[in-house]
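To start, the structure itself, in structure tokens.
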Amino acid sequence: METPIETAPRVYIETYGCQMNVADSQTVRAVMRQAGFKSTERAEDADLILLNTCAIREHAEERVLGRLSDLARLKQRRPEVRLGLLGCMAQHNRAALVEKAPWLDVVAGPDSYRRLPELIGRAGFDPAVDVRLDRAETYADIAPEHAGGVRAYVTVMRGCDKFCAFCVVPYVRGRERSVPAPAVIREVSILAARGVREVVLLGQTVNAYRCGEIDFGALLRMVGAVEGIERIRFTSPHPGAMSESAIAAMAAEPKVQPYIHLPLQSGSDRVLAAMDRGYSIAQYLDLVARLRNAIPALALSTDIIVGFHGEREADFAATLDLMRTVGYDSAFSFKYSLREHTRAFRLGDTVSEDEKSRRLAEVIALQERISAHRNRALVGARFKVLVEGPARRGNAMLAGKTPQYKTAIFPAQDGIAPGDTIAVRIESTTGHTLTCSVAAPVT
Ligand code: SAM
Ligand code: SF4
């Protein structure tokens, strides 16, 4: 029997980190609704507060620890509130966590969400902890609670088998496993029926997807066949796992958008080898050339780490050179953060914090120049935009993404609503945003 809505306990979920966590929080929401909980948008109103956390860099963990101190005060005022810490941080350092935040009631890793209601019921004086990794868990039978809007995330694979020397993901999310293709298609079809127009297929190495004979290229084509879905994106592919089949599907399937996030990490072969990334610069550039050849309108973004163990000035200069050679549309750059459990952990840091900051600032400044240059070249061009809703800066402007995943803003007008695809003309660019006029509605 369903719990009557007025008396149902309320759960509040705060999400940190990557899109995978955003999608996982939607799965958790579904699990908790099934257990009789209702969602709330305010921690103050909640009977249960869950933080879905990220362990990728020390900074991410520090933010969560800060938030946990705030919540300790809330718990002092309302001791009956249950507090749970989920996700990668729970997996990464559960013992330290329980020591640092003894007021936690539940600690649950990424493969334990199914058991959350039971864990919450079990929490007493000591926190209930469940951080078992499960090679088979894909949550394929749980329909995540989509947040609304024209775009939705769909997790198609979990975990990672790559074990890059700097990265904690394989340790906290476990081994690679794919969601069965029929479950992916069922989920995408449900989303399409609810008005979603764009799906983003998610996985730490999404292009390593495999379900029997179905590889990532075949999956893209299958998702492309779902009626109502107009745009397909995916993140993050690993450069070493980009098959010809996937490139061919990107080129042939019109719903797959011409944009790829292709994490580079470093422009130096020496550093790439030390990172155990599994590709050389020559191989990476060859892949970029094959992608651009197959998909001429392709936009590229990347991830860069500065200050990895042993990165010398010449290696760093090679990264800047590579960025100029490829001409990325955007880049996410990070200072190397030493992570316990990883292979590079025991090697320690060789680049000082100040030097990392300098290198990071140079990467950001160079990318700003490259992005501005690339965006300026688009002025006067027309693009199709999927309308998402009001622009952040307001002023009766609407916003959406171009096929290349650039933010376009344009004047709101009668007859244009979220979910519509329209044609815009780019009039000017400021930073990362394209300011446009509406050229014509597109059917
Ligand atoms: N699986 C994706 C790949 O390999 O392309 C990346 C997933 S990871 C969540 C996102 C990014 O975080 C990585 O591409 C890397 O640039 C960055 N990252 C991972 N570990 C890091 C570390 N220890 N320090 C700094 N940045 C890190
Ligand atoms: Fe981490 Fe490397 Fe796996 Fe990406 S591919 S999640 S960087 S181990």
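The values are calculated or read from the model by the stated rules, or taken from the named source; none is laboratory data. None of the values given here were measured: they were computed from a predicted structure. Neighbour counts run over all protein chains shown; Cβ positions are idealised from the backbone, glycine included. Please note that ligands, DNA and RNA were not included when accessible areas were found on the heavy atoms of the full protein model with its side chains. Shrake-Rupley method; radii C 1.70, N 1.55, O 1.52, S 1.80 Å.
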Q: Any residue in segment 18-36 that's on the phi > 0 side of the Ramachandran plot and open to solvent by 10 Å² or more (accessible area, probe 1.4 Å): show its pairings with residues that are of a type outside the set (D, E, K, R) and in a helix (DSSP H, G or I) at Cβ separation under 9 Å, as long as the two are six or more apart or on different chains.
A: GLY36/PRO117
Q: Tell me, please, whether a residue that is outside any helix (DSSP H, G or I), open to solvent by 50 Å² or more (accessible area, probe 1.4 Å) and away from ligand 1 (no atom under 16 Å from the Cβ) can be found in segment 173-182.
A: yes
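Keeping to segment 206-234, report how many residues are under 24 Å from LYS162 (Cβ atoms) and either more than 16 Å from ligand 2 (Cβ to nearest atom) or surrounded by fewer than 21 Cβ atoms within 10 Å (Cβ to Cβ) (or both). Talk me through it step by step, then tell me what you get.
From segment 206-234, those under 24 Å from LYS162 (Cβ atoms) are 206-220, 223, 232-234; that's our starting set.
Applying the additional criterion that residues be either more than 16 Å from ligand 2 (Cβ to nearest atom) or surrounded by fewer than 21 Cβ atoms within 10 Å (Cβ to Cβ) (or both) yields 210-215, 217-220, 223, 232-233.
Summing the residues that are under 24 Å from LYS162 (Cβ atoms) and either more than 16 Å from ligand 2 (Cβ to nearest atom) or surrounded by fewer than 21 Cβ atoms within 10 Å (Cβ to Cβ) (or both) in segment 206-234 gives 13.
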Q: Answer yes or no: is there a residue in segment 257-280 that is touching a strand residue (DSSP E or B) at 6+ places or on another chain (Cβ under 9 Å), charged (D, E, K, R) and more than 16 Å from ligand 1 (Cβ to nearest atom).
A: no
Q: Kindly check whether there is at least one residue in segment 149-166 that is modelled with pLDDT under 95 and either more than 16 Å from ligand 2 (Cβ to nearest atom) or of a type in the set (A, V, I, L, M, F, W, C) (or both).
A: yes
Q: Look through PHE308, PHE332 and report the one residue that is within 24 Å of the chain's Cα centre (by Cα), open to solvent by 30 Å² or more (accessible area, probe 1.4 Å) and under 21 Å from ALA165 (Cβ atoms).
A: PHE332
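From THR302, THR325, grab the single residue that is in contact with a strand residue (DSSP E or B) (Cβ under 7 Å, 6 or more places away or on another chain) and either polar (S, T, N, Q) or part of a loop (DSSP other than H, G, I, E, B) (or both).
On the way: THR325 fails: in contact with a strand residue (DSSP E or B) (Cβ under 7 Å, 6 or more places away or on another chain).
Matching residue, one of THR302, THR325: THR302.
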Q: Could you tell me whether segment 291-299 includes any residue that is away from ligand 2 (no atom under 16 Å from the Cβ) and touching a Phe, Trp or Tyr at 6+ places or on another chain (Cβ under 8 Å)?
A: yes
Q. Of the residues GLU311, GLU340, which is within 16 Å of ligand 1 (Cβ to nearest atom), modelled with pLDDT under 95, of a type in the set (D, E, K, R) and in a loop (DSSP other than H, G, I, E, B)?
A. GLU340
Q. Name the pairs: first residue in segment 145-171 and at positive phi and open to solvent by 20 Å² or more (accessible area, probe 1.4 Å), second residue part of a loop (DSSP other than H, G, I, E, B) and more than 14 Å from ligand 1 (Cβ to nearest atom), Cβ to Cβ under 8 Å, at least 6 apart or on different chains?
A. GLY149/VAL196; GLY149/PRO418
Q.
Filter segment 95-142 down to the residues that are closer than 18 Å to ASN21 by Cα, open to solvent by less than 20 Å² (accessible area, probe 1.4 Å) and in contact with an Asp or Glu (Cβ under 6 Å, 6 or more places away or on another chain) and list them by number.
A. ALA108, ASP111, SER112, GLU137
